[in-house]
Amino acid sequence: MKKIIYSLFVLVAIGNFVSCKSEEKKEIIVKKETKVAIKANFSVQNADNKINWTAYKTTEKKPVNGRFEKITITSNGEGKTIKEAINNTEFSIPVSSIFTKDSGRDFKIKKFFFGIMDNTKLLSGKLVLENDSIGYSNITMNGVTKKLPFKYTVNDKVFNLKTTLKISDWNAEKALASLNEVCKDLHKGADGVSKTWNEVAINITSTFK
């Protein structure tokens, strides 16, 4: 009888020991799965992004101002600093979001300029900062991807980028000629010559919160 009681005591002790070890193991697993979310200080997607451009018409080079009202960040775009957030940001801009305060002009640019290009419903690119003042963007337009150098500044929480794009670098002379033809009379200067310039000035400002 004593042997039986002793055996039962040993089994109970082993059972309690295994149970404690099992519960302890579960606690350790739970602790390992606990993670602290780290939030980036700056986000390009959440910034106030303004994409302004200036095209030119007539031989006197009269400016035509416009902007794109929508931009989508497709990859990266976050960081502990503004430079880190901007660097390697990939984006896309729908050409349908173009705005010049003239609906007739907007329609012509969409149909007779971007509409003539190959598969250009979106302008896409990637921003790369090379040092504290210059960088470049790989812009895809008209089925062509080209490197576009730019200068930039960061003041307080404002990032500003300036550059000039040559339309011919993207093999888009046909689209430029198409736009000039449909705007022929509107692009005539005092000399009677109709001209749409090959270059477009770009000014992008991102104000971070």
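The values are calculated or read from the model by the stated rules, or taken from the named source; none is laboratory data. These numbers come from a predicted model, not from an experiment. Here the Cβ positions follow ideal geometry from the backbone for every residue, glycine too, while neighbour counts run over all protein chains shown. Calculation scope for accessible area: heavy atoms of the full protein, side chains included, ligands and nucleic acids excluded. Shrake-Rupley method; radii C 1.70, N 1.55, O 1.52, S 1.80 Å.
Just a few scattered comments:
- Scan of region 88-117 for residues that are over 18 Å from L179 (Cβ atoms), open to solvent by 50 Å² or more (accessible area, probe 1.4 Å) and not charged (D, E, K, R), ordered by number: N88
- Of all residues in region 153-187, none satisfies the criterion of being among the hydroxyl-bearing types (S, T, Y), out of contact with any helix residue (DSSP H, G or I) (no Cβ under 7 Å at 6 or more places or on another chain) and touching a residue at least 60 places away in the same chain (Cβ under 8 Å).
- Qualifying residue in region 141-148 (condition: of a type in the set (G, A, S) and either surrounded by 15 or more Cβ atoms within 10 Å (Cβ to Cβ) or under 16 Å from the mean Cα position of the chain (by Cα) (or both)): no
- Flag if N160 is at pLDDT 95 or above and open to solvent by less than 50 Å² (accessible area, probe 1.4 Å): yes
- Leading residue by the ranking (nearest to N52 (Cα to Cα)) among those in region 72-87 that are open to solvent by less than 80 Å² (accessible area, probe 1.4 Å) and in a strand (DSSP E or B): T72
- Check on E69, touching a helix residue (DSSP H, G or I) at 6+ places or on another chain (Cβ under 7 Å), open to solvent by 30 Å² or more (accessible area, probe 1.4 Å), among the charged types (D, E, K, R) and under 14 Å from S206 (Cβ atoms): no
- Residue, modelled with the lowest pLDDT, within region 169-209, restricted to residues that are among the small types (G, A, S) and touching a strand residue (DSSP E or B) at 6+ places or on another chain (Cβ under 9 Å): G189
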